[in-house]
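Peer 1: Here it is: the structure, laid out below.
The values are calculated or read from the model by the stated rules, or taken from the named source; none is laboratory data. Keep in mind the model is a prediction, meaning the values are calculated, not measured. Cβ sites come from the backbone with ideal geometry, for glycine too, and all protein chains shown count toward neighbours.
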Amino acid sequence: MSHGPRIRPFTQEDLDPVLALIEEAMGPGAAGINRKALFRWKHVENPFGPSIALVAEGDEGILGFRSLMRWRFAAPGGGGVIEAVRAVDTATAERARRSGVFTRLTAAGLEAARERHISFVFNTPNQRSAEGYLKLGWREVTKWPMWVRPRHAGKILRLPGLRGKPSGATVELPKDSPLVPATFAVGDGTLQEATKWARRTGAGLATPRDQAYLGWRYAQGPIRYDVYADPATPHALLIVRLRTRGSLREALVTEAFARHGGKGTRDLAALVRGLPEAAGADYALIMGDDPIRRSALLRAGCVRVPRAGVRFMVRPIGRRPEPDPLSPDAWSLTFGDLEGF
């Protein structure tokens, strides 16, 4: 008598069938990114540690996959380090849909996280998967607002039509662009001062943005990122992912570093205002709701995108830390923490 598929830890021998399963469920890698390289970068080379990864195996092979990517947050005011996981890749074979595989894999993943003293799991599910997570104990914390800075005023009329369109391929910078690949900026020390700004200005739970994290996140993986720094605005710096969305070119700001105080706000506003032209993009897109960033975005001429945002959900696992991760006020996040990849 069958009791369903066996849930067990992922092994290296599972990689090819798991990648095939992910492609079956999600389609080809976004923007042509090599799935094997992306998988290794996310789940093996992560400086926070290897992911918690499980498979559901039946008589006919692997039927499901679930991964919880290790993450780490620093509490404000020297409150210590909090271990967390991010719910990312999950896939179920078509023949095993609606059979409880996803629920069993997720429950096993949460138990494995509890054994590792993980405090909570977070993610940014789409509308379809959010309902399933709510049934499994996730709580919706907030919807982080999106701001846009169009290169030309006329372009803003086309932006509502892009809502719901998937992002496309990464595009190259114009030849005369002042932006430089993040691989160069990490190596030449450009980001060194920015890591100090990040440590000083975090007002909530924030990813420790040291050189190890920034190097892994923006220079070592298969996704291209670029850095926008300008001698005329020495108190701010942006990390950007340039890609297509529909027929337009989008400059997605994943990190916005700025020195605390008026000079930082002024320089951040200047960089955001000039980013679309500097990157050869039709518009810049940035997430942010803290007072300092909001002030800079308003000064840059950004407008908030109506009815758009990043849906953010949390599921406590162990002892709930301080500040409470179920409170929107507990967080100091960027697109770099929440971007889907």
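Peer 1: Mind checking which pairs have a first residue in segment 97-114 that is in the same structural domain as V85 (by TED's automatic domain parsing) and within 14 Å of V55 (Cα to Cα) and a second that is surrounded by 16 or more Cβ atoms within 10 Å (Cβ to Cβ) and of a type in the set (S, T, Y), Cβ under 8 Å, 6 or more apart or different chains?
Peer 2: Going by the 8 Å Cβ cut-off, the qualifying pairs are V101/T92; F102/T90; F102/T92; L105/T90; T106/T90; G109/S67.
Peer 1: Would it be correct to say that R72 is assigned to a strand (DSSP E or B), under 20 Å from N126 (Cβ atoms) and within 20 Å of the chain's Cα centre (by Cα)? Break it down stepwise before answering.
Peer 2: Details: assigned to a strand (DSSP E or B): yes; under 20 Å from N126 (Cβ atoms): no; within 20 Å of the chain's Cα centre (by Cα): yes.
Spelling it out, it is not the case that R72 is assigned to a strand (DSSP E or B), under 20 Å from N126 (Cβ atoms) and within 20 Å of the chain's Cα centre (by Cα).
Peer 1: All but one of (1) out of contact with any helix residue (DSSP H, G or I) (no Cβ under 9 Å at 6 or more places or on another chain); (2) surrounded by fewer than 19 Cβ atoms within 10 Å (Cβ to Cβ) hold for E23, so report the exception by its number.
Peer 2: Checking E23 against (1) out of contact with any helix residue (DSSP H, G or I) (no Cβ under 9 Å at 6 or more places or on another chain); (2) surrounded by fewer than 19 Cβ atoms within 10 Å (Cβ to Cβ), the one that fails is (1).
Peer 1: Within segment 306-332, how many residues turn out to be buried (at least 19 other Cβ atoms within 10 Å of the Cβ) and part of a helix (DSSP H, G or I)?
Peer 2: Number of matching residues: 1.
Peer 1: Take E111 and decide whether it is within 20 Å of the chain's Cα centre (by Cα), surrounded by fewer than 18 Cβ atoms within 10 Å (Cβ to Cβ) and either under 30 Å from R319 (Cβ atoms) or not β-branched (V, I, T) (or both). Spell out the reasoning first.
Peer 2: Values: within 20 Å of the chain's Cα centre (by Cα): no; surrounded by fewer than 18 Cβ atoms within 10 Å (Cβ to Cβ): yes; either under 30 Å from R319 (Cβ atoms) or not β-branched (V, I, T) (or both): yes.
Here the answer is no, as E111 does not meet what is asked.
Peer 1: Scan (1) among the charged types (D, E, K, R); (2) in contact with a Lys or Arg (Cβ under 9 Å, 6 or more places away or on another chain); (3) assigned to a loop (DSSP other than H, G, I, E, B) for the single condition D16 breaks and write down its number.
Peer 2: Failing condition for D16: (3).
Peer 1: How many residues are without any contact (Cβ under 8 Å) to a residue 60 or more places away in the chain and either buried (at least 20 other Cβ atoms within 10 Å of the Cβ) or part of a strand (DSSP E or B) (or both) when one looks only at segment 203-217? Spell out how you get there, then give the answer.
Peer 2: First, pick out the residues of segment 203-217 that are without any contact (Cβ under 8 Å) to a residue 60 or more places away in the chain: 209-211, 214-215.
Then keep just the ones that are either buried (at least 20 other Cβ atoms within 10 Å of the Cβ) or part of a strand (DSSP E or B) (or both); that gives 209, 214.
Total satisfying the criteria: 2.
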